[in-house]
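In what follows, a single structure is set out as structure tokens and then discussed.
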Amino acid sequence: MTAAVSIRTVSRLFHQFTALNEVSLEIAAGEFIVLLGPSGCGKTTLLSILGGFLLPSSGQVLIADKDMTFVPPARRPTTTMFQDYALFPHMCLRDNVGFGLRMRGMARAERYEKAFGFLDLVGLKASSAKKPHELSGGQRQRVALARALAVDPDVLLLDEPLGALDLKLRRQMQDELKAIQKRVGTTFVHVTHDQEEAMAIADRIVVMNAGRIEDVGAPAEIYMRPKSLFSAGFMGEVNFLDGKAIARDDDDVLVETPLGRLALPATAFTAGDARAGQKLSLVIRPEHFRGPAETAGSPGSLSLGEARITSSAFFGTHQRCHVAPVSSPSLSLVVHMPQTAQLADGVCVPLAVQAADIVALPAVTEA
Amino acid sequence: MLRHRLSTLLAVIYAAALFGFIFLPVAVLVLFSFQDGRLPVPPFNGFSLQWYEAIFADRKLMAALLNSLIVATASSAVACLLGFMAAYGFARYKLPGSVLQRGLLIAPMTVSYLIIALGLLTVLNTLGIGLSLWTVGIGHVVINLPLCFAIIYSSMGDHHVNIERAARDLGASDWKVMLLVTAPMLMPSILASFFLSVTFSWDEFIIAFLLSRFNVTLPVEIWSLLRSGLNPKTNAIGSVVFLASIALLAILELTLFRKKNTP
Amino acid sequence: MTTLSLENADRRKAWGFVAPALVWTVAFFVVPFLFMAAMSLWSRQGREIVRAWNLDNYLRFFGENALLKGLSNSLEITLTVTVLSVLLAYPLAWIIAERVPKRFQRTALILAILPFWTSYVVRSYSWLLVLTKNGVINQALLGIGIISEPLEIASTRTATVIGFVHFFVMLLTLTIYANLVQLSPNYRRAAADLGANGLQTFWHVILPLTLPGIMTGAFLTFVLCIGDYITPQILGGNNELVLPQIIMLQIGRRADLPMASALSIVLMLAVTLAYALCARWLKIDRV
């Protein structure tokens with residue numbers, strides 16, 4: 001089963017601290033949503049409110065168009081997969097997975113059959129008589145998933161379920177989680193602070209910071225066209241270049257930067273149009289700088305002048321360089337160069353960027 | 001909401017009843033230590049400190065109090081030292097049959113004090129060794145050594161090994177490592193086991209009773225006071241011991257353990 | 001060769017650390033215990049102890065009703081005390097862990113075990129004050145008019161049980177509380193999330209998870225209770241003797257150390273049996 005979730009101006013205060021500040025979000029049925037953000041950003045608070053473990057200070061939560069704001073966890077069509085899994089250590093896997101069904105009064109035979117089915121789904125049917133402590137971390141994670149799915153929830157809430165696993169296993173479990181979600185069709189709301197994990201599994205990512213939603217969108221959109229400086233910085237390495245909008249030129253906006261005057265298309269302004277005179281931060285990802293070979297006269301390419309390489313390191317897929325633009329030597333930019341480029345410290349290289357790759361956001365004014 | 005209120009009410013009533021049960025004897029004990037009269041039972045005739053004067057004037061009682069202090073500190077110090085050394089040996093070196101040896105060290109914990117005392121008594125009797133505070137102390141080390149060993153051994157994690165290695169690497173000898181590095185690192189558990197031992201030894205009756213003769217410890221002296229029946233003097237000495245323990249506990253809580261709570 | 005000599009040097013050092021404790025335990029615990037076990041097979045004739053090996057003491061124990069009654073009294077009292085203490089302490093530990101706000105829990109717990117710090121002998125004596133014929137309880141009940149004659153509680157088995165339960169309720173509240181708070185709150189949340197109500201959560205999840213703690217506490221209660229002399233002697237009086245009282249009689253009045261030894265061995269067997277029965281829960285695996 002599956003259902004849509006609607007979060008309407010939900011706030012949550014802990015004493016003086018505002019953990020969630022008027023958060024609104026619409027989640028479609030069957031969607032895989034990832035709440036992404038640093039610790040303390042409010043993502044786990046939001047998940048607890050969805051699960052019914054916390055009450056919002058104000059606002060409303062609807063699941064399948066029914067008001068669930070004050071409904072206790074047991075009577076919500078949600079189940080939670082806890083960070084520490086919370087598998088009952090005194091029960092074998094079959095009883096763990098069948099627990100929710102038992103609470104619903106299902107007869108033993110039927111319950112076991114269903115539990116077997118879900119253990120099969122996560123590839124642990126053969127271990128059904130084992131106790132949780134006999135399993136590896138990845139296996140426990142699977143049992144927790146099976147247990148949460150066994151009661152046929154409309155919405156599955158996952159609280160950093162992969163946090164305790166090592167990197168390699170985490171990548172593998174991401175793929176499995178995604179595959180299982182596709183199979184069962186349940187709405188998944190998944191909390192993590194790992195942006196790579198988020199991009200790997202999400203239909204849509206919700207970037208959160210300081211109790212607010214910063215950005216919502218498909219992984220590529222969040223990465224390429226971030227709508228906030230925080231979102232841009234959190235999703236991966238990025239260069240911020242100070243700028244100032246000076247004039248409109250047809251569809252383009254002229255922006256004054258330390259590296260020269262750049263004409264940016266209106267689409268670069270993801271957070272809305274710029275006024276003349278407004279201070280801006282230009283967001284440029286390291287891989288969007290074009291090397292010497294690619295710059296020559298391609299349409300939409302903006303030249304940023306020459307830059308001197310101050311250090312470089314080989315990263316496998318690319319070379320990561322720190323460069324200081326000749327026109328503004330106090331700046332330091334991070335630039336990805338092709339694997340094969342012959343680079344040496346002190347060498348000057350021309351820098352260029354596709355205008356369409358640049359995102360321009362209002363600068364944070366320090367008031 | 002109503003159900004929650006009702007269960008809260010039940011919880012309050014239950015807790016109050018049990019706290020009442022727990023505190024009733026202590027309250028009666030302390031109250032009637034101030035009894036102005038010969039019997040520590042109702043009615044309460046009035047407030048008097050005469051029984052406190054009586055116990056501080058009682059030579060035998062004061063001697064027993066001193067004996068108890070001596071036996072408790074000395075036996076706890078020995079138990080702690082032996083326990084710490086054994087814990088260090090087992091945690092840092094591989095010894096053949098160490099599981100069995102550790103089991104042997106813990107074994108006295110599982111045996112009634114009465115049996116430990118009786119065993120020692122049979123041996124001492126047969127060897128013709130006289131009973132004294134020394135024999136009581138030996139018995140108290142036997143019961144406290146397993147405790148000290150277990151507490152210190154369990155706090156001796158692997159994470160300390162590299163710190164010790166670093167010290168050795170910088171030129172400290174084995175004994176210096178133990179004294180200057182290991183012991184200070186384990187100080188919380190060493191102190192905990194020491195104070196626990198002191199309370200156990202201080203309060204222990206049966207070993208002290210069976211293994212002493214003329215010089216006795218406080219519980220044994222109180223025991224002989226009891227032979228004369230109900231007496232406010234017993235209330236007074238009991239209250240003094242209780243209040244002194246609480247004071248010690250409060251001091252420990254405020255100094256020793258406060259630090260641990262606020263890192 | 002160098003590694004071997006290094007290992008030997010290490011081993012010598014290790015023995016140096018471990019030996020004092022081991023020697024102490026062997027000399028003052030193992031040897032006396034074995035000696036006592038041996039003595040239980042000897043007998044007393046007049047004021048002399050005769051080293052004639054036989055099972056007379058044990059046979060006498062099983063033949064003499066007064067002695068057997070001591071064991072059954074001990075077992076009955078100990079079991080009653082253990083069960084009552086667990087039943088009374090669990091709700092209190094639960095209330096402290098669940099209903100008392102986090103920052104007051106430590107205080108509540110310290111309060112709950114405060115009377116621990118009275119001397120053990122004095123604690124039994126205080127109960128005597130409370131329960132005696134003209135004590136607080138009787139005078140209060142007479143005052144309200146619930147009873148017309150003072151109740152004879154002191155010097156009965158009831159008094160012994162009350163004195164014991166008082167002590168062990170404090171002990172068990174401590175151990176059960178420690179067990180309850182170290183459970184991840186997510187167990188409870190998970191159970192609620194999967195549709196369990198409060199009672200079901202308690203029965204299927206919390207109780208089984210705290211069972212090892214309960215059993216450890218219960219076993220401790222059993223061991224301390226069955227071996228105690230003070231409480232039954234002060235509160236129970238001489239009406240229904242328990243095993244430790246009988247052992248003390250052998251040591252004192254009759255100077256019969258062989259018989260006392262034999263009875264001690266019986267006492268120890270009872271404890272071992274209790275351990276064997278509890279071992280299943282004491283060692284349960286936990287994640």
Exercise for review: Take C:LEU194 and decide whether it is surrounded by 19 or more Cβ atoms within 10 Å (Cβ to Cβ), of a type in the set (A, V, I, L, M, F, W, C) and either at positive phi or more than 10 Å from chain B (Cβ to nearest Cβ) (or both).
Suggested key: yes
For the range B:33-87 the number of residues that are exposed (fewer than 13 other Cβ atoms within 10 Å of the Cβ) and either in contact with a Cys (Cβ under 6 Å, 6 or more places away or on another chain) or within 11 Å of another protein chain (Cβ to nearest Cβ) (or both) is 1
Filter the range C:149-177 for residues that are among the aliphatic types (A, V, I, L, M) and at pLDDT below 90; the one that is nearest to A:ARG111 (Cα to Cα) is C:ILE153
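Residue-by-condition table, conditions (1) surrounded by 15 or more Cβ atoms within 10 Å (Cβ to Cβ); (2) more than 26 Å from A:ASP249 (Cβ to Cβ); (3) not assigned by TED's automatic domain parsing to the domain that holds A:ASP249:
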site	(1), (2), (3)
A:THR267	no, no, no
A:THR270	yes, no, no
A:LEU304	yes, no, no
A:SER311	no, yes, no
A:PHE314	no, yes, no
A:HIS322	yes, yes, no
A:VAL334	yes, yes, no
A:GLN342	no, yes, no
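Of the residues B:ILE143, B:ILE163, B:ILE151, B:ILE206, which single one is out of contact with any Gly (no Cβ under 7 Å at 6 or more places or on another chain) and away from every other protein chain (no Cβ under 14 Å)?
Details: B:ILE143 fails: away from every other protein chain (no Cβ under 14 Å); B:ILE151 fails: away from every other protein chain (no Cβ under 14 Å); B:ILE206 fails: away from every other protein chain (no Cβ under 14 Å).
The match here is B:ILE163.
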message = Taking the criterion of being touching a Cys at 6+ places or on another chain (Cβ under 7 Å), part of a loop (DSSP other than H, G, I, E, B) and surrounded by fewer than 19 Cβ atoms within 10 Å (Cβ to Cβ), would at least one residue in the range A:114-129 satisfy it?
response = yes
When C:GLY46 is run through (1) at positive phi; (2) within 14 Å of another protein chain (Cβ to nearest Cβ), the failure sits at (2)
In the range B:226-246, anything without any contact (Cβ under 8 Å) to a residue 24 or more places away in the chain and more than 10 Å from every other protein chain (Cβ to nearest Cβ) is listed as B:ARG227, B:SER228
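Among the residues of the range A:333-367, count how many are free of Cβ contacts under 8 Å to residues at least 12 places away in the same chain and either touching a strand residue (DSSP E or B) at 6+ places or on another chain (Cβ under 7 Å) or not hydrophobic (A, V, I, L, M, F, W, C) (or both).
Let us first name the residues in the range A:333-367 that are free of Cβ contacts under 8 Å to residues at least 12 places away in the same chain, namely A:340, A:342, A:366-367.
Checking the rest, the ones that are also either touching a strand residue (DSSP E or B) at 6+ places or on another chain (Cβ under 7 Å) or not hydrophobic (A, V, I, L, M, F, W, C) (or both) come to A:340, A:342, A:366.
Residues that pass the stated criteria total 3.
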Checked B:LEU121, B:LEU127, B:LEU105 against criteria (in contact (Cβ under 8 Å) with a residue 40 or more places away in the chain, among the hydrophobic types (A, V, I, L, M, F, W, C) and under 24 Å from C:LEU41 (Cα atoms)); the one match is B:LEU121
Counting only residues in the range B:145-173 that are farther than 30 Å from B:PRO108 by Cα and surrounded by 17 or more Cβ atoms within 10 Å (Cβ to Cβ), the one nearest to the chain's Cα centre (by Cα) is identified as B:GLU164
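For the range C:223-232, how many residues meet the condition of being in contact with a Ser or Thr (Cβ under 9 Å, 6 or more places away or on another chain) and either away from chain B (no Cβ under 11 Å) or free of Cβ contacts under 8 Å to residues at least 24 places away in the same chain (or both)? Quick ask: steps written out before the conclusion?
As a first pass, look at the range C:223-232 and keep what is in contact with a Ser or Thr (Cβ under 9 Å, 6 or more places away or on another chain): C:223-228, C:230-232.
Narrowing further to those that are either away from chain B (no Cβ under 11 Å) or free of Cβ contacts under 8 Å to residues at least 24 places away in the same chain (or both): C:232.
Selection size over the range C:223-232: 1.
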Out of (1) at the interface with chain B (Cβ under 7 Å from one of its Cβ atoms); (2) touching a Ser or Thr at 6+ places or on another chain (Cβ under 7 Å), the one C:ASN57 does not meet is (1)
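Where in the range C:128-217 are there helices (runs of 4 or more DSSP H), lying wholly inside it, with at least 3 residues that are touching a residue at least 60 places away in the same chain (Cβ under 8 Å) and more than 20 Å from A:HIS133 (Cβ to Cβ)?
Details: elements: C:136-144, C:157-181, C:185-193, C:198-201.
Where helices (runs of 4 or more DSSP H) fall fully within the range C:128-217 and carry at least 3 residues being touching a residue at least 60 places away in the same chain (Cβ under 8 Å) and more than 20 Å from A:HIS133 (Cβ to Cβ), they are C:157-181.
Can you tell me which of A:LEU62, A:LEU87 is surrounded by 16 or more Cβ atoms within 10 Å (Cβ to Cβ) and assigned to a strand (DSSP E or B)? Show your work before the answer.
Numbers: A:LEU87 fails: assigned to a strand (DSSP E or B).
Of A:LEU62, A:LEU87, the one residue that is surrounded by 16 or more Cβ atoms within 10 Å (Cβ to Cβ) and assigned to a strand (DSSP E or B) is A:LEU62.
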Every listed condition ((1) over 21 Å from B:TYR113 (Cβ atoms); (2) at pLDDT 85 or above) holds for B:LEU256 save (2)
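Being closer than 26 Å to C:ALA191 by Cα and in contact (Cβ under 8 Å) with a residue 60 or more places away in the chain narrows it down to one residue among A:ILE49, A:ILE63; which is it?
Details: A:ILE49 fails: in contact (Cβ under 8 Å) with a residue 60 or more places away in the chain.
A:ILE63 is the lone residue from the list that is closer than 26 Å to C:ALA191 by Cα and in contact (Cβ under 8 Å) with a residue 60 or more places away in the chain.
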- Is it the case that A:ALA109 is surrounded by 19 or more Cβ atoms within 10 Å (Cβ to Cβ) and assigned to a helix (DSSP H, G or I)? no
In the range C:101-146, residues that are small (Gly, Ala, Ser), within 24 Å of the chain's Cα centre (by Cα) and within 7 Å of chain B (Cβ to nearest Cβ) total 3
Being surrounded by 15 or more Cβ atoms within 10 Å (Cβ to Cβ), over 14 Å from the mean Cα position of the chain (by Cα), closer than 28 Å to A:LEU50 by Cα and not assigned by TED's automatic domain parsing to the domain that holds A:VAL326 narrows A:GLN195, A:GLN174, A:GLN181 down to just A:GLN181
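Yes/no per residue for (1) within 22 Å of A:PRO73 (Cα to Cα); (2) more than 33 Å from the chain's Cα centre (by Cα); (3) of a type in the set (A, V, I, L, M, F, W, C):
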residue: A:PHE99; (1), (2), (3): yes, no, yes
residue: A:ARG104; (1), (2), (3): yes, yes, no
residue: A:VAL122; (1), (2), (3): no, no, yes
residue: A:HIS133; (1), (2), (3): no, no, no
residue: A:ASP166; (1), (2), (3): no, no, no
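Suppose we filter B:ASP174, B:ASP169 for residues that are modelled with pLDDT under 85, over 24 Å from B:VAL28 (Cα atoms) and at the interface with another protein chain (Cβ under 10 Å from one of its Cβ atoms); which single one remains?
Working: B:ASP169 fails: at the interface with another protein chain (Cβ under 10 Å from one of its Cβ atoms).
Being modelled with pLDDT under 85, over 24 Å from B:VAL28 (Cα atoms) and at the interface with another protein chain (Cβ under 10 Å from one of its Cβ atoms) holds for just one of B:ASP174, B:ASP169, which is B:ASP174.
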Taking the range B:88-101 and keeping residues surrounded by 16 or more Cβ atoms within 10 Å (Cβ to Cβ) and more than 16 Å from C:ALA27 (Cα to Cα) leaves B:TYR88, B:GLY89, B:PHE90, B:ALA91, B:ARG92, B:TYR93, B:LEU95
How many residues of the range B:88-97 are more than 8 Å from chain C (Cβ to nearest Cβ) and in contact with a helix residue (DSSP H, G or I) (Cβ under 7 Å, 6 or more places away or on another chain)? The answer is 1
Next item on the list: Restrict the check to the range B:115-128 and report whether at least one residue is at pLDDT 90 or above, over 16 Å from C:VAL26 (Cα atoms) and more than 7 Å from chain C (Cβ to nearest Cβ).
Entry: yes
Of the listed residues (B:THR135, B:THR110), the one being at the interface with chain C (Cβ under 10 Å from one of its Cβ atoms) and without any contact (Cβ under 8 Å) to a residue 60 or more places away in the chain is B:THR110
If we keep only residues of the range B:182-221 that are outside any helix (DSSP H, G or I) and of a type in the set (Val, Ile, Thr), then the residue nearest to B:GLY157 (Cα to Cα) is B:THR217
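The values are calculated or read from the model by the stated rules, or taken from the named source; none is laboratory data. These figures come from a predicted structure and were not determined experimentally. Positions of Cβ are generated from backbone atoms using ideal geometry, with glycine treated the same way; all protein chains shown enter the neighbour counts.
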